Amino acid sequence: MEHYDGDVDYMQQEDDWDRDLLLDPAWEKQQRKTFTAWCNSHLRKAGTQIENIEEDFRDGLKLMLLLEVISGERLAKPERGKMRVHKISNVNKALDFIASKGVKLVSIGAEEIVDGNAKMTLGMIWTIILRFAIQDISVEETSAKEGLLLWCQRKTAPYKNVNIQNFHISWKDGLGFCALIHRHRPELIDYGKLRKDDPMTNLNTAFDVAEKYLDIPKMLDAEDIISTLRPDEKAVMTYVSCYYHAFSGKQKAETAANRICKVLAVNQENEQLMEDYEKLASDLLEWIRRTIPWLENRLPENTMQAMQQKLEDFRDYRRLHKPPKVQEKCQLEINFNTLQTKLRLSNRPAFMPSEGKMVSDINNAWGNLEGAEKGYEEWLLNEIRRLERLDHLAEKFRQKAAIHEAWTDGKEDMLQKRDYETASLSEIKALLKKHEAFESDLAAHQDRVEQIAAIAQELNELDYYDSPSVNARCQRICDQWDALGALTQKRSEALQRTEKLLETIDQLYLEFAKRAAPFNNWMEGAMEDLQDTFIVHTIEEIQVRQLVPQRDQALIEEHARQQNNERLRRQFANQANVIGPWIQTKMEEIGRISIEMHGTLEDQLTHLRQYEKSIVNYKPKIDQLEGDHQLIQEALIFDNKHTNYTMEHIRVGWEQLLTTIARTINEIENQILTRDAKGISQEQLNEFRASFNHFDRKRTGIMDAEDFKTCLISMGYNLGENEFSRIMTVVDPNRMGIVTFQAFIDFMSREAADTDTADQVMASFKVLAGDKNYILADELRRELPPDQAEYCIARMAPYTGPDGVPGALDYMSFSTALYGESDL
């Protein structure tokens, strides 16, 4: 068996269908009658009808014809043969067409329709009704059903004895049907005489009036509705959808006729606002153009002082220079929105700024600015960290080099002495021991030389600005070290040769030493006394003893610095942890004010301006935090475990808060402009807001296209693809896929109010003409007052298009002529 997959899953509907038939056989009877009548209401346009719903669709011919009538499209050519294979082919073509419209038919195959399976045939017809009559162009049954239910609720709201909550028991007393008719055509029903306890009269009255005056065939039986505990939902929904289509189409035709009857001339221009926008946009773009190269400059400075000055310049930019530009950008957008609102209110074409000066161009340029800005601050901090590291390494290099150079000072002269030439054997041995001690000391200093070379290498890798002098000094040290090594080896060899030469006179020196022993003892004692006075033996030891208290003092100072850094961290965090949430709370409160309906627009505007004042008064706390942040940066503190907020977080949040309150105030001001210009009452505004909020499912203050579509359906619009596309170009000219409340009320007020553009009048004529490119005299006489109908007929030129018929009139050239764009 062949099945059809599309974009919409109706599996749950199939399950519901199974339960419907199993729970109450009476529902099948209701569905047969309703679905048959619904199909015939369309098939009669093609001059045919059906008698038995499961029999008459078996060959697929009338099924294909039905789909062509309701869709306005041509299906594939049907098979005219009588064989089963021909019938299956025709039904498959119909099912293919249904699937191409995004409908998923589960468990329904062509063979079952051809075999006359009543359950499957009713299920197929329901999906057709849902797709082409109820769902309209939506892809979710829930949305379409919800929109239709909301339309019924809004239209019957003034009737206190009507409470529509569903599509079954809410309609049993018949008052819901009567209320819908009375709301749109009060002359057809004397609603005051109807009684809730007489459902038979109410139902028959509605069904008879709808058939006679609204061209809606009887699809339900009053007896079936009353006798069934819970009327079939699908049958009721199908019948109610006919009311919706009848009244929404009539309402739209009346609106179009009124629009044509009340054409107004354009009464104002907005050139000054356009010039102001152009100038402000040019100035802002020029400032951005000049600023970005400065932020993109990554040439490093050589000193910490110079880089810290760059950081100070950046702080000035962020605190003094950029905030006014943020306000200018916000004002630019406000001016643009106000201008577009005024143009819409005067029905003039939307303002198109010069090339490169659209709001989107400003936003793109601003995005580039902030991208460069973010990279710049990150680079500054990294450079400061690098220079801090370089300063530390350079100082370490100098200290180690100085210590090493002090140690090597005089060592070459000492190694080059020829004192061994006149020395005795014992002196030679002493010199040898002293030289061995020096060799050990020399080996011990090898590590320092390697450290010096390693530090020099790291300074080179970190691009230290004074690397040449560091390298030169390092090279001198290394060269000297190599020379010391060579001299040490040479002296060692000379001492050893001299020792051998003097061994022969060793006994003489020894005898002399024995005789001189008392004197030597006295001399040693004197030297010990002299040495005890200073407690040290060399000048190096004196220097080491001086370094110990210096190191202690440095540690004390570093401990104090770290304590101060921790105090600065906590001081900043304590404020930031209050200011950050405060900004977020204010943003949420402003969003609620702009969405909720409390009082008039003027009340909301007053409330918002009070908010704006309280926000501006908070600025000193931001400035105080900026001061603390400056102290943190000057102390070279790069982390803060006490808060998740950085100064940039606070700055961006503060700028967004100021921008949001200004934009929200501007939106309310524009709503007041729209209300006053169009004469919209507060009640109408409240109804617009209630409808908007109902379909703003995410509570973001905007609707997406699908939500907007469902909202329009609920308000009585009969939408096709082309019509909805036209509406979206009006409410969403930038093609963002969203609809703001301002755009929504602009559209709603435009649809219900007078218009003064050729395109609007042309669109109105198109509605009266049934979407044709021409209009007939009889259509004009039917829709317009006699004098205005004859005025149009007398002045409209014959239509010459290829789709014309005898008597066709050209309403397009007539519409443009009304505004001087062509000749009458």
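Figures for the structure shown
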{"quantity": "Rounded if a/c under 1.5, otherwise prolate or oblate - region 332-482, Cα gyration tensor axes", "calculated": "prolate"}
{"quantity": "Sulfur and carbon atoms: percent of accessible area, region 347-432 [1.4 Å]", "calculated": "48 percent"}
{"quantity": "Cα gyration tensor category, rounded, prolate or oblate, for region 274-348 with a/c compared to 1.5", "calculated": "prolate"}
{"quantity": "Relative packing of peptides 420-428, 88-96 - highest average C-beta neighbours within 10 Å first", "calculated": "88-96, 420-428"}
{"quantity": "Entries in K93/K250; K621/K698; K101/K252; K252/K678 that, when Cα-Cα distance is taken, lie over 29 Å", "calculated": "K93/K250; K621/K698"}
{"quantity": "Whole-number accessible area per residue in Å² for region 125-257, which is evaluated in the context of all protein chains at 1.4 Å", "calculated": "39 Å²"}
{"quantity": "Alpha carbon Rg of region 51-164, scaled by the compact-globule rule 2.2 N^0.38 Å", "calculated": "1.27"}
{"quantity": "Percent accessible area from carbon and sulfur atoms, region 754-795, protein chains only, probe 1.4 Å", "calculated": "50 percent"}
{"quantity": "Å² per residue, accessible surface of region 384-459 at 1.4 Å", "calculated": "55 Å²"}
{"quantity": "Amide N proximity, region 30-44 versus S227 label position 7 Å along Cα-to-Cβ, cut-off under 12 Å", "calculated": "30"}
{"quantity": "Amide hydrogen neighbours beyond the local backbone of V103, cut-off 5 Å, H modeled", "calculated": "D7, V8"}
{"quantity": "Around K490: net Lys/Arg minus Asp/Glu count, Cβ-Cβ under 12 Å", "calculated": "+2"}
{"quantity": "Relative contact order (%) - criterion: Cα under 8 Å, at least six apart; region: region 337-487", "calculated": "27 percent"}
{"quantity": "Surface per residue (accessible, 1.4 Å probe) for region 39-102, Å²", "calculated": "52 Å²"}
{"quantity": "Violating pairs (Cα-Cα greater than 30 angstrom) within the set K329/K619; K77/K104; K322/K613; K374/K709; K396/K429", "calculated": "K374/K709; K396/K429"}
{"quantity": "Of all accessible heavy-atom area on region 597-696, the percent that carbon and sulfur account for (1.4 Å)", "calculated": "52 percent"}
{"quantity": "Two-site label geometry, A635 and M587: point separation in nm, points 7 Å out along Cα→Cβ", "calculated": "2.9 nm"}
{"quantity": "Pairs of alpha carbons in region 625-723 whose separation is greater than 24 Å (percent)", "calculated": "53 percent"}
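The values are calculated or read from the model by the stated rules, or taken from the named source; none is laboratory data. Every value quoted in this text rests on a predicted model; they were computed, and no experiment measured them. Reconstructed Cβ throughout: ideal geometry from the backbone, glycine too, with neighbour counts over all protein chains shown. The protein model used for the area step is the full one, side chains on, heavy atoms only, and it has no ligands, DNA or RNA in it. Shrake-Rupley method; radii C 1.70, N 1.55, O 1.52, S 1.80 Å.
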